[in-house]
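Undergrad: Please find one structure pasted underneath; my questions will follow.
Every number in this text was worked out from the coordinates using simple rules, so none of it is lab data. Remember, predicted model here, so these are calculated numbers, not experimental data. Please note: Cβ atoms are built from the backbone with ideal geometry, for glycine as well, and neighbour counts cover all protein chains shown.
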Amino acid sequence: MKLTLSSHKLAAAAVLLVSVTAAFADKADPVFQDGSGVAIRGYDPVAYFTDQKPVKGSEQFTFAWMGATWRFATAAHRDQFAANPSQYAPQYGGYCSYAVSKGHTASIDPEAWRIVDGKLYLNYSKSVQQKWAQDVPGNIQKANQNWPALHK
């Protein structure tokens, strides 16, 4: 079969399209969410700061931000978040901080958390959090470098 110049261009365009699609297929949504679009497994991001513990949010108090629904334990927490989401939202879209430091994303356990320099970090599990805690500054630095390439 003889290829003409136009079929070469068509083949090259198809390869390019597949390459670009594959590159974006591995990218994560900007916010970790469950199958129904709820961020961080329905936990209240403000509670980590105000109550110093994970608190399950309520369907009664929600706020839409970054393509996800965020739940809160109280209307006051919802309003605090709405006034400044980036102050309370977990780093790396709520994906596991340790995984992001290793160059990929993973889900989280809302009970595996830590606030460092006023920022919330979540991890896949408490055992993974222990690994992350062995070099918090180094893992944050690596995750900060990796995160832009990991999400849409």
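Undergrad: Filter the range 54-105 down to the residues that are more than 18 Å from A28 (Cβ to Cβ) and part of a loop (DSSP other than H, G, I, E, B) and list them by number.
TA: P54, V55, G57, A73, T74, N84
Undergrad: What are the residues in the range 101-117 that are surrounded by fewer than 20 Cβ atoms within 10 Å (Cβ to Cβ), in contact with a Cys (Cβ under 7 Å, 6 or more places away or on another chain) and closer than 19 Å to F81 by Cβ, if any?
TA: none
Undergrad: Report the residue count in the range 78-126 for those that are over 15 Å from the mean Cα position of the chain (by Cα) and more than 17 Å from P54 (Cα to Cα).
TA: Here the count works out to 5.
Undergrad: Let me ask something else about it. Read through the list (1) touching a residue at least 40 places away in the same chain (Cβ under 8 Å); (2) touching a Pro at 6+ places or on another chain (Cβ under 9 Å), then give the number of the only condition that A47 fails.
TA: Single failed check for A47: (1).
Undergrad: Continuing with the same structure: Kindly provide the set of residues from the range 43-77 that are under 14 Å from the mean Cα position of the chain (by Cα) and on the phi > 0 side of the Ramachandran plot, ordered by number.
TA: Within the range 43-77, M66, G67 meet the criteria.
Undergrad: Does at least one position in the range 135-152 carry a residue that is touching a strand residue (DSSP E or B) at 6+ places or on another chain (Cβ under 9 Å), within 26 Å of A64 (Cα to Cα), charged (D, E, K, R) and in a loop (DSSP other than H, G, I, E, B)?
TA: Yes, because at least one residue in the range 135-152 is touching a strand residue (DSSP E or B) at 6+ places or on another chain (Cβ under 9 Å), within 26 Å of A64 (Cα to Cα), charged (D, E, K, R) and in a loop (DSSP other than H, G, I, E, B).
Undergrad: May I pose another question? Let me spell it out: the conditions are (1) surrounded by fewer than 22 Cβ atoms within 10 Å (Cβ to Cβ); (2) part of a loop (DSSP other than H, G, I, E, B), and L120 meets all of them except one. Which number is the exception?
TA: Of everything listed in (1) surrounded by fewer than 22 Cβ atoms within 10 Å (Cβ to Cβ); (2) part of a loop (DSSP other than H, G, I, E, B), L120 misses just condition (2).
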